[in-house]
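Student: Sharing a structure with you now.
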Amino acid sequence: MRRKLVLLGLLPAGIGMGYLFYLGCAVGFAVCKFCGGADAGIQGRVRSIVIPLHNYEVHLHHWLLSLLAVATSALQGFFLVAPGLFYGILGGLVLQGIYCYNDWHRIVRRRILCPDLEPAD
């Protein structure tokens, strides 16, 4: 269901921005697929950003960072290349993160702490 919603969300953006959006989306998806882990929890070529906070970990997923970049750049009117291509690449990063991983919604989780080992007598 979530996959269909994500794909349906890309249709209006692509219609409004043209074919460069879809081209950028394919490029962003392919780059993310190459650099990311094969499955959730498996380290890829690029390390994940995990911030430890006391008993919790905050995982800054690439799809979340890309979504923030899309929102910020859209509000500021900023883009590095043609807008359709720029937002398409970032959209491809978001698409890959949500479409390919089953833990995409887990941003904050409890840290696994190892208890101190007591010395043997």
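Student: Considering (1) without any contact (Cβ under 8 Å) to a residue 24 or more places away in the chain; (2) surrounded by 15 or more Cβ atoms within 10 Å (Cβ to Cβ), say which one Gly97 fails and leave the rest.
Tutor: (1) is the only condition that Gly97 fails.
Student: With farther than 20 Å from Arg109 by Cβ and buried (at least 16 other Cβ atoms within 10 Å of the Cβ) as the only criterion, which of Val81, Val31, Val6, Val27 stands out?
Tutor: Unique residue meeting the criteria: Val6.
Student: Still on this structure, please answer the following. Just to be sure, is Val31 in contact with a strand residue (DSSP E or B) (Cβ under 6 Å, 6 or more places away or on another chain), of a type outside the set (Asp, Glu) and in contact (Cβ under 8 Å) with a residue 24 or more places away in the chain?
Tutor: Criteria not met by Val31.
Student: Here is a follow-up. Out of (1) among the aromatic types (Phe, Trp, Tyr); (2) within 18 Å of Ala30 (Cβ to Cβ); (3) at pLDDT 85 or above, what's the single condition that is false for Tyr101?
Tutor: Against the list (1) among the aromatic types (Phe, Trp, Tyr); (2) within 18 Å of Ala30 (Cβ to Cβ); (3) at pLDDT 85 or above, Tyr101 comes up short only on (3).
Student: Of everything in region 34-55 that's of a type in the set (D, E, K, R) and in contact with a Phe, Trp or Tyr (Cβ under 9 Å, 6 or more places away or on another chain), which residue is surrounded by the most Cβ atoms within 10 Å (Cβ to Cβ)?
Tutor: Asp39
Student: Determine whether region 56-78 contains at least one residue that is touching a residue at least 60 places away in the same chain (Cβ under 8 Å) and either in a loop (DSSP other than H, G, I, E, B) or exposed (fewer than 13 other Cβ atoms within 10 Å of the Cβ) (or both).
Tutor: Scanning region 56-78 turns up no residue that is touching a residue at least 60 places away in the same chain (Cβ under 8 Å) and either in a loop (DSSP other than H, G, I, E, B) or exposed (fewer than 13 other Cβ atoms within 10 Å of the Cβ) (or both).
The values are calculated or read from the model by the stated rules, or taken from the named source; none is laboratory data. Everything quoted here is computed from the prediction, not taken from an experiment. Virtual Cβ from ideal backbone geometry, glycine too; neighbours counted across all protein chains shown.
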